[in-house]
Amino acid sequence: MNLIIGSHVSFVKDKQLLGSVEEALNYGSNAFMIYTGAPQNTNRISLNNDLNTKGKELIIKNNIDFNNIIVHAPYIINLANKKDEEFRNFTLNFLKQEIKRCEELGIYKLVLHPGSHVGLGEEVGLNNIVDGLNIVLEDNSPVKILIETMSGKGTECCYKFEHIKYIIDNVKNNDRLEVCMDSCHMSDAGYDITKFDILLDEFDKIVGLNKVSAIHINDSKNNIGDKKDRHANIGYGNLGFDNIINIIYNKRLENIPKILETPYIENTYPPYKFEIEMIKNKIFNPNLIETITKYYKNL
Ligand code: FE
Ligand code: FE
Ligand code: ZN
């Protein structure tokens, strides 16, 4: 089976897209995901043409399909709450600009946490998301927004597949809406990922599997239904290695990029090179943490 695997990689000021591609290649990836700046804030630098061109050349040279490259919008974007008008306008403008940045980078998938209703209630939250997306998507662009399946932490919307269906059904330009599944989030939301084909059937019935265009692969520190959203390294959480392998190698998701967002070891060392190796071999490394620590300490 054709495996499309990668991870979140950095996007830094003086290397930009070029640095991201180099990092992804170091991990043995043929897919990757970036934030165009810090995930926690909306400060963004302007893109450097030269680094952009060099990055694209390296992508092409290594046969990475641009469909397997993803941008993730920052966490603080919250379309579900429009109480503060100033922040609302800022948010909508930011997303429109982020779409333009994606176009410049040659990336056509922008993953978005749809938002938290902060006590307004799910229905109001979902309608606010619909209103926001209608504005963000009003112009024409090849860039799609991928709504992420959320864990249900706090007042997050879209921990239920029905929420995602509601949004897709009510957004005008909904051919520009797709979905990014997240294995940790779906389990935390109460979906049983150990019976993954049943989960996919359910998603297919409610939303349509054709809408899934990326999947975040994370183990979970918590149990099914806990709504905590704490990612664990592959095989080191409650989903377990075999279940994650079954998700990754499920034939129905074969052409969809799988992106790791697992935690750095000791908050310092990226685990991806070694997690990807385990995934490719389908063999769990019980000494993963030691292997990674040793590798980076000796670099
Ligand atoms: Fe996310
Ligand atoms: Fe995710
Ligand atoms: Zn998460």
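The values are calculated or read from the model by the stated rules, or taken from the named source; none is laboratory data. Quantities reported herein were computed from a predicted structural model and do not represent experimental measurements. Using ideal geometry, Cβ is built from the backbone for each residue, glycine included, and neighbour counts are taken over all protein chains shown. In case anyone asks, the SASA skips ligands and DNA or RNA and just uses the protein heavy atoms, side chains included. Shrake-Rupley method; radii C 1.70, N 1.55, O 1.52, S 1.80 Å.
Descriptive notes on the structure:
- Subset tally (residues that are out of contact with any helix residue (DSSP H, G or I) (no Cβ under 7 Å at 6 or more places or on another chain) and surrounded by fewer than 18 Cβ atoms within 10 Å (Cβ to Cβ)) for segment 123-135: 4
- Residue within segment 35-45 that is under 20 Å from the mean Cα position of the chain (by Cα), touching a residue at least 40 places away in the same chain (Cβ under 8 Å) and closer than 28 Å to I248 by Cβ present: yes
- Among residues of segment 54-74 that are within 16 Å of ligand 3 (Cβ to nearest atom), those with a beta-carbon under 8 Å from a residue that is among the charged types (D, E, K, R) at least six positions away or on a different chain give the pairs I70/K109; A73/E98.
- Residue within segment 154-162 that is open to solvent by 70 Å² or more (accessible area, probe 1.4 Å) and either outside any loop (DSSP other than H, G, I, E, B) or modelled with pLDDT under 95 (or both) present: yes
- Complete set of residues in segment 244-278 that are farther than 24 Å from E178 by Cβ and either part of a loop (DSSP other than H, G, I, E, B) or open to solvent by 30 Å² or more (accessible area, probe 1.4 Å) (or both): P263, Y264, E266, N267, T268, Y269, P270, P271, K273, E277
- Positions within segment 108-142 being assigned to a loop (DSSP other than H, G, I, E, B) and over 22 Å from the mean Cα position of the chain (by Cα), in sequence order: V118, G119, L120, G121, E138, D139, N140
- Residues being within 13 Å of I244 (Cα to Cα), touching a residue at least 60 places away in the same chain (Cβ under 8 Å) and of a type in the set (D, E, K, R) - total across segment 267-284: 2
- Taking every residue in segment 168-197 that is farther than 18 Å from I256 by Cβ and in a helix (DSSP H, G or I) and pairing it with any residue that is within 14 Å of ligand 2 (Cβ to nearest atom) and open to solvent by 20 Å² or more (accessible area, probe 1.4 Å), at least 6 positions away or on another chain, the pairs with Cβ-Cβ distances below 7 Å are D188/K228; D188/D229.
- T91 being touching a strand residue (DSSP E or B) at 6+ places or on another chain (Cβ under 6 Å), free of Cβ contacts under 8 Å to residues at least 60 places away in the same chain and surrounded by 18 or more Cβ atoms within 10 Å (Cβ to Cβ): no
- One residue from H185, H231, H216 being open to solvent by 10 Å² or more (accessible area, probe 1.4 Å), within 14 Å of ligand 2 (Cβ to nearest atom) and not hydroxyl-bearing (S, T, Y): H231
Matching residues to (1) in contact (Cβ under 8 Å) with a residue 12 or more places away in the chain; (2) crowded, with 18+ Cβ neighbours inside 10 Å:
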residue	(1), (2)
I76	yes, no
N81	yes, yes
D84	no, no
L95	yes, yes
L105	yes, yes
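- Those residues of segment 24-36 which are open to solvent by less than 20 Å² (accessible area, probe 1.4 Å) and either part of a loop (DSSP other than H, G, I, E, B) or closer than 18 Å to L92 by Cα (or both), in sequence order: Y27, S29, Y35, T36
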